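Worksheet: the structure to be examined is printed underneath.
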Amino acid sequence: MKIKKILQKFNEDGFVIIPKFLNKANIKEIFFQLNELIDVPINNTFKNNETKKNLDEKYLLLKKKNPSLKSHFYDMIKYIDAVNKVSVSKKFLSTAKKLLNEKTTFAGNHQVRIDHAEDSYWLPQHQELGQLSTNLITFWIPLVDLEKKLGGIYIRPKTHKLGFFPYKNSDKEGREAGTGRKKIIDQLFSQPHLKKYKSFRPKLRAGDAVVFHNYLFHGTIPNLNRKKIRWVFISRYNSINKTPYLKDGKASMNIPYTANYGLL
């Protein structure tokens, strides 16, 4: 997809889907390093050769037998070089700079998100707050094909045009707000003047990127597949010109969820 069309779709809808944005070689390298990484706590937990299991099996086994080291594995994912190489690659940075209309951006936090059926936590729709800037974009890229039971992302096109849109408990981070936020959002968009903003779930294959504006309402659907994990690469890029920390000596680096973004 040419950058002109990407910009047009992004500005109009608040998101754009770019097929095969992350290529097979990148995905293969990330999974190779994830296996290398998890084998360290696996070998320190089990005497048998559990490293012959696949990554999903190893993760769920570690979660059951050694949850502390499972958490340590997750914490260290953002530091593996395959993840970092992708997030600061020319392809990602040039696309981010075009969408933000800036020559310099902050490459914000990047991660590989792990969702499985044993974890009931999922994210009701929300706007992307609590970051460095009031203007940022997120790349949400599954590393596996998202068959129906694996769930995925669902979005409300054009809601970025509402700007910062506070609602009940929007001043809380997602996990703190909990899944009860879904009812709040459903009620919010059932109002007559907001009914036109309908949600939809895109069909995505491994490597397809959903790139969205921080004010676009988006959320995730639970993974109901008890054998497979949903592995998703997520990377964010922040505008330097919309960063309060550079303008206010008393500002915190990350904007608090309680802030009035409309005044920043």
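Just so you know, all these numbers are worked out from the coordinates, no wet-lab data involved. Bear in mind that the values here come from a model prediction, so they are computed numbers and not experimental data. Every residue, glycine among them, receives a Cβ derived from its backbone with ideal geometry; neighbour counts consider all protein chains shown.
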Worksheet item: Label Thr45 and Leu7 with points 7 Å out from Cα along Cα→Cβ: what is the distance between them in nm?
Response: 4.8
Fill in: the chain - charge dipole about Cα centre, Lys and Arg +1 at Cβ, Asp and Glu -1, debye rounded to 20
820
Discussion item. Between Asn54 and Leu162, what is the label-point separation in nm under the 7 Å Cα-to-beta-carbon projection?
Written reply: 3.9
Practice prompt. Within 10 Å, count the other beta carbons around each residue, average over each peptide in 110-116, 130-136, 68-74, and list them highest first.
Written response: 130-136, 110-116, 68-74
Worksheet, complete the sentence: Dividing the helical contributions, -39500 (n - 2.57) per DSSP H run of n ≥ 4, by the residues of the chain yields a 222 nm value, nearest 500 deg cm²/dmol, of -9000 deg cm²/dmol
Fill in: Percent RCO, i.e. relative contact order, over the chain, from Cα pairs under 8 Å lying at least 6 residues apart
32
Item to complete: Just report the Cα centroid separation between segment 122-165 and segment 41-72, whole Å.
Response: 30
Worksheet item: Tell me, Lys90, Lys85 in order of fewest to most beta-carbon neighbours within 10 Å?
Response: Lys90, Lys85
Worksheet item: What is the calculated FRET efficiency for Asn35 to Asn169, with r their C-beta to C-beta distance and R₀ = 35 Å, to the nearest 0.05?
Response: 0.35
Worksheet item: Considering the dipole of the chain built from charges on the beta carbon (Lys and Arg +1, Asp and Glu -1) around the Cα centre, which of Gly130, Tyr74, Leu143 is farthest to its positive end?
Response: Leu143
Item to complete: Please name which of Gln191, Ala117, Ser94 has its Cα lying farthest along the dipole of the chain towards the positive end, using unit charges on Cβ (Lys, Arg +1; Asp, Glu -1) and the Cα centre as origin.
Response: Gln191
Discussion item. Starting from 0.36 nm per residue, how many nanometres of slack lie between Lys247 and Thr104 once their C-alpha separation is accounted for?
Written reply: 49.8 nm
Worksheet item: Using a ≥ b ≥ c from the Cα gyration tensor of segment 70-129 (square roots of the eigenvalues), is it rounded, prolate or oblate, where a/c under 1.5 gives rounded and otherwise the larger of a/b and b/c decides, a/b for prolate?
Response: oblate
Worksheet item: Cα-Cα over 21 Å: which of Lys70/Lys228; Lys24/Lys158; Lys158/Lys198; Lys65/Lys172; Lys2/Lys78; Lys196/Lys242?
Response: Lys24/Lys158; Lys65/Lys172; Lys2/Lys78; Lys196/Lys242
Worksheet item: Using the membrane-span-like helix rule (whole DSSP H runs, Cα extent along the own axis of at least 30 Å, mean Kyte-Doolittle hydropathy at least 0.0), which helices of the chain qualify?
Response: none
Practice prompt. Starting from the exponent 0.38 and prefactor 2.2 Å, build the expected Rg for segment 16-70 from its residue count and divide its actual Cα Rg by it.
Written response: 1.39
Worksheet, complete the sentence: Among Gly219, Ile255, Asn241, the residue whose Cα sits farthest towards the positive end of the charge dipole of segment 147-264, when +1 is placed on the Cβ of each Lys and Arg and -1 on the Cβ of each Asp and Glu, is Gly219
Worksheet item: Dipole magnitude of segment 128-262 about its Cα centre, charges +1 at Lys/Arg Cβ and -1 at Asp/Glu Cβ only, in debye to the nearest 20?
Response: 600
Discussion item. Can you return the aspartates and glutamates within cross-link range of Lys203? Criterion is Cα-Cα under 12 Å, with same-chain partners fewer than 8 residues away left out.
Written reply: Asp145, Glu147
